[in-house]
Amino acid sequence: MNEPTQRQQSILAFIQETQQVQGETPSLREIARHFGFRSMTAAADHVRALRRKGFLETRPRHARALRIVSPLQSLRRPVVDIPLFGAIPAGRPDDRQQDAKGCISVDIGSLGIKPTPRTFALEVRGDSMIGKHILDGDQVILEHGRTPRSGDVVAALIDNESTLKTFVLEKGRPYLRAENPQYPNLIPAQELVIQGVVIAMIRKLT
């Protein structure tokens, strides 16, 4: 049996994670969207290659017909591609739109995380979170849909402006706290929307 490429390992991991979380495997459209492919053709090509190598089977007359034949645990290094959606300010809030920049490949074993279809990454800009050892240029991995606990680092929209801060719940009222005394607390005037809770961080050493 031929070994899958790194990208094919990532697709296998995504298929398995989706099956574990949702109870069914993803469609070709969902695979293409997750990995930023321009069309479903690229996703279909990877799936066909994985079928030829014996890692996937398809079930006739099923809308979501993929089935993993060889478990991912048999692969030497479980590597997953996590979508990277631009940068987020760890400074003062910013109303810039997030631009998709592709994916980052992570070894989930070494990071100790279990990515799901709701996992995504952002690049940090600014120094307001240095007290949490999050620096300018770091990449944070977040889970969308997770309910934050007081003290969690979150990506948030506060009054329609995005920022990365510590979520604080005090006497039932939420606000965002910077981990740098040069920056003030952020108290929502109208709305606070949590976009994701930080579950891991990656730092590139130069």
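The values are calculated or read from the model by the stated rules, or taken from the named source; none is laboratory data. As the structure is a computational prediction, the values presented were derived from the model and not from experiment. All Cβ positions, even for glycine, are placed from backbone atoms using ideal geometry, and neighbour counts span all protein chains on display.
Name the single residue, out of those in the range 1-31 being aliphatic (A, V, I, L, M) and assigned to a helix (DSSP H, G or I), that is surrounded by the fewest Cβ atoms within 10 Å (Cβ to Cβ).
Top of the filtered list is Val21.
Taking the condition in a strand (DSSP E or B) and at pLDDT below 85, does Arg67 pass?
Judged against the criteria, Arg67 is a match.
Looking only at residues in the range 188-203 that are surrounded by fewer than 16 Cβ atoms within 10 Å (Cβ to Cβ) and closer than 17 Å to Met129 by Cα, which one is modelled with the lowest pLDDT?
Here the residue is Arg203.
Which of the residues that make up the range 32-53 are outside any loop (DSSP other than H, G, I, E, B), under 15 Å from the mean Cα position of the chain (by Cα) and of a type outside the set (A, V, I, L, M, F, W, C)?
Residues satisfying the conditions are Arg33, His34.
Restricting the search to the range 147-187, which residues are exposed (fewer than 15 other Cβ atoms within 10 Å of the Cβ), of a type in the set (Gly, Ala, Ser) and within 14 Å of Gly131 (Cα to Cα)?
The one that is exposed (fewer than 15 other Cβ atoms within 10 Å of the Cβ), of a type in the set (Gly, Ala, Ser) and within 14 Å of Gly131 (Cα to Cα): Gly151.
Lys171 fails exactly one of the following numbered conditions: (1) closer than 21 Å to Ile113 by Cα; (2) more than 24 Å from the chain's Cα centre (by Cα). What is the number of that condition?
The one condition Lys171 does not meet is (1).
Hey, does the range 126-136 have a residue that's more than 22 Å from Arg203 (Cβ to Cβ), modelled with pLDDT of 90 or more and out of contact with any strand residue (DSSP E or B) (no Cβ under 8 Å at 6 or more places or on another chain)?
No: zero hits.
Does Leu176 qualify as being within 30 Å of Gln9 (Cα to Cα) and of a type outside the set (Val, Ile, Thr)?
Judged against the criteria, Leu176 is not a match.
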